[in-house]
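Accompanying notes for the structure given below.
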Amino acid sequence: MPTTSTANTILAAAKALNKTLDKLRFAEPVTHVYNPYDYAYAMHEQYVRRYGDSTKRVVFLGMNPGPWGMAQTGAPFGEVAAVRDYLKLDAPFGKPRDEHPKRPIEGLACTRSEVSGRRLWGLLAQRYPEADRFFNDGAGGFILNYCPLVFMEESGKNRTPDKLPAAEREPLERACDAHLRAVVAALSPEWVVGVGAFAEKQAKRVLDGMGCRFGRVLHPSPASPLANKGWAEQAEQQLIEMGVWEKSP
């Protein structure tokens, strides 16, 4: 894959973030922390070099990975089938340093499907049948997460970053803020669209003054009753009303 200054800047930001994240510690009820930028870095690098090698019109921002999505594939909202068949990514995988027995990392061999990722990438595949059309041709899109870490409790339950105590959350946010600013500066998007309220809030706080326009789409999580009532149609309409997308012909 060609080397570009944009991709190199994004990857350098991920490496800098990793150095800081390695120093952070999290107490119970968090018992396991996964960092896909670490053990799945090769997949993340492939994603960035293939699809993040130019400036973009719109960046979609998620909160943090799910155990059956990016945690398995290293790609944001990385539902396995979407990463394999739509993004066509495939790279070697490692393992987290402390693997949760109920959340094993199997990479593209994982048979579980992350609903949020399936819905998001499914909408994009419906509108842009070839991935290059979303990332490059006219749409100029990109997807990333505010925080790359997966936090799990002993039971295997996810714990989202906003639920961490302030003493743990604040240094995490400082590191994630710096990473987000670096990536957005490299991509120079017109729009940053939060996938859910948390991501929109972080984007507005961190990127204020960088010349971006901000928006939000409904989070595709199956935990949201509203998202279970035709998420794709609702999200598409929101993007059209914001002016991010034009109405389909």
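If you take the residues of region 202-213 that are part of a helix (DSSP H, G or I) and of a type outside the set (A, V, I, L, M, F, W, C), which of them is surrounded by the most Cβ atoms within 10 Å (Cβ to Cβ)?
Ranking the qualifying residues of region 202-213, first place goes to Gln202.
Listed here are the residues, each with its yes/no results for (1) more than 27 Å from Arg49 (Cβ to Cβ); (2) part of a helix (DSSP H, G or I); (3) among the basic types (Lys, Arg).
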{"position": "Ala167", "(1), (2), (3)": "yes, yes, no"}
{"position": "Leu172", "(1), (2), (3)": "no, yes, no"}
{"position": "Val183", "(1), (2), (3)": "no, yes, no"}
{"position": "Glu200", "(1), (2), (3)": "yes, yes, no"}
{"position": "Gly215", "(1), (2), (3)": "yes, no, no"}
{"position": "Pro222", "(1), (2), (3)": "yes, no, no"}
{"position": "Gln237", "(1), (2), (3)": "yes, yes, no"}
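So which residues in region 119-156 are among the basic types (Lys, Arg) and within 23 Å of Lys201 (Cβ to Cβ)?
Correct list: Arg119 only.
Among Ala178, Ala186, which is in contact with a Ser or Thr (Cβ under 6 Å, 6 or more places away or on another chain) and in contact (Cβ under 8 Å) with a residue 60 or more places away in the chain?
Ala186
Determine whether Leu124 is at pLDDT 95 or above, more than 30 Å from Ala166 (Cβ to Cβ), touching an Asp or Glu at 6+ places or on another chain (Cβ under 9 Å) and of a type in the set (A, V, I, L, M, F, W, C).
The answer is no for Leu124.
Is it the case that some residue within region 43-56 is of a type in the set (Val, Ile, Thr), touching a Leu at 6+ places or on another chain (Cβ under 8 Å) and either surrounded by fewer than 21 Cβ atoms within 10 Å (Cβ to Cβ) or assigned to a loop (DSSP other than H, G, I, E, B) (or both)?
Yes.
Could you list all residues from region 127-160 that are closer than 29 Å to Arg103 by Cβ, touching a residue at least 40 places away in the same chain (Cβ under 8 Å) and surrounded by fewer than 19 Cβ atoms within 10 Å (Cβ to Cβ)?
Glu153, Glu154, Ser155, Gly156, Asn158, Arg159, Thr160
Can you tell which of Ala139, Ala91 is assigned to a loop (DSSP other than H, G, I, E, B), farther than 21 Å from Asn35 by Cα and aliphatic (A, V, I, L, M)?
On inspection, the qualifying residue turns out to be Ala139.
Please find, among Glu154, Glu168, Glu106, Glu114, the residue that is in contact with a Phe, Trp or Tyr (Cβ under 6 Å, 6 or more places away or on another chain), farther than 27 Å from Val193 by Cβ, at pLDDT 95 or above and not aromatic (Phe, Trp, Tyr).
Glu168 is the lone residue from the list that is in contact with a Phe, Trp or Tyr (Cβ under 6 Å, 6 or more places away or on another chain), farther than 27 Å from Val193 by Cβ, at pLDDT 95 or above and not aromatic (Phe, Trp, Tyr).
Test Ala199 against the criterion of being under 14 Å from the mean Cα position of the chain (by Cα) and under 29 Å from Lys88 (Cβ atoms), and give yes or no.
In short, yes.
For Lys23, all conditions in the list (1) touching a residue at least 40 places away in the same chain (Cβ under 8 Å); (2) outside any helix (DSSP H, G or I) hold save one; what is the number of the exception?
(1)
Which one is nearest to Arg49 (Cα to Cα), of the residues in region 75-97 that are surrounded by 24 or more Cβ atoms within 10 Å (Cβ to Cβ) and either free of Cβ contacts under 8 Å to residues at least 24 places away in the same chain or not hydrophobic (A, V, I, L, M, F, W, C) (or both)?
Pro76
The values are calculated or read from the model by the stated rules, or taken from the named source; none is laboratory data. Quantities reported herein were computed from a predicted structural model and do not represent experimental measurements. Heads up, the Cβs are rebuilt from the backbone with ideal geometry, glycines too, and the neighbour counts pull from every protein chain shown.
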